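Here you go, one structure.
The values are calculated or read from the model by the stated rules, or taken from the named source; none is laboratory data. As the structure is a computational prediction, the values presented were derived from the model and not from experiment. Because the Cβ atoms are built from the backbone with ideal geometry, glycine has one as well, and the counts that use them run over all protein chains shown. Just the protein is used for accessible areas: all its heavy atoms, side chains included, with ligands, DNA and RNA removed. Shrake-Rupley method; radii C 1.70, N 1.55, O 1.52, S 1.80 Å.
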Amino acid sequence: SSNTLYNDMNTALIAKKCVTLQTLGHIVESTGLVIQPYLAYKKLLKIILNSLKSDQHVTIRREAIQILGIIGALDPQIHRQNLK
C-alpha cells in the first residue's frame, strides 16, 4: 500500500541523514579540522541547527548535537562575517 511505501521512504531518509551526520563527524575527527567546515560551507551551521529544530526523529537530533560538539563552537562574529 502507499502507506507502507511512505514509511519505507521515510525510514530510508532518516538513515541517510544519520549516516551523513556521522560521516561528517568522522571526517572532522580524523582530520582535526574543527571550525573549518563552518567556514568552508557557509550554510552548514544553519542546516545542522534546522535538523535540531525541525526533525522529530531522536536519532537525527542526537547526531546533530554530536556533530555540533565535534566541530566546535563558532564565534558569532566570525559566523556573521562568513555569511556575507
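Evaluate the charge dipole of the chain about its Cα centre and quote only its size in Debye, nearest 20, assuming +1 on the Cβ of each Lys and Arg and -1 on the Cβ of each Asp and Glu.
Dipole size: approximately 340 debye.
Could you report the chain's accessible area per residue, 1.4 Å probe, as an integer in Å²?
Working: 6060 Å² over 84 residues.
That works out to 72 Å² for each residue.
Sticking with this structure for a sec: Net charge near Q81: determine it from the other residues with C-beta under 13 Å of the C-beta of Q81, scoring Lys and Arg +1 and Asp and Glu -1. Can you show the working numbers first?
Values: positive: K42, R80, K84; negative: D75.
Taking every other residue near Q81 into account, the sum is +2.
At 7 Å along the Cα-to-beta-carbon direction for both S54 and I14, put a label point, then send me their distance in nm to one decimal.
1.8
How much of the accessible area of the chain, in percent, comes from carbon and sulfur atoms when a 1.4 Å probe is used?
Working: 3670 of 6060 Å².
Of the solvent-accessible surface of the chain, carbon and sulfur hold 61 percent.
In the chain, what is the count of Lys pairs whose alpha carbons are under 21 Å apart, counting only pairs at least 8 residues apart or on separate chains?
Lysine pairs satisfying the spacing and distance rule in the chain number 12.
Restricting to Cα pairs below 8 Å that are 6+ residues apart, what does the relative contact order work out to for the chain? Please round to a whole percent.
On the way: 51 pairs, mean separation 31.4, N = 84.
So the answer I get is 37 percent.
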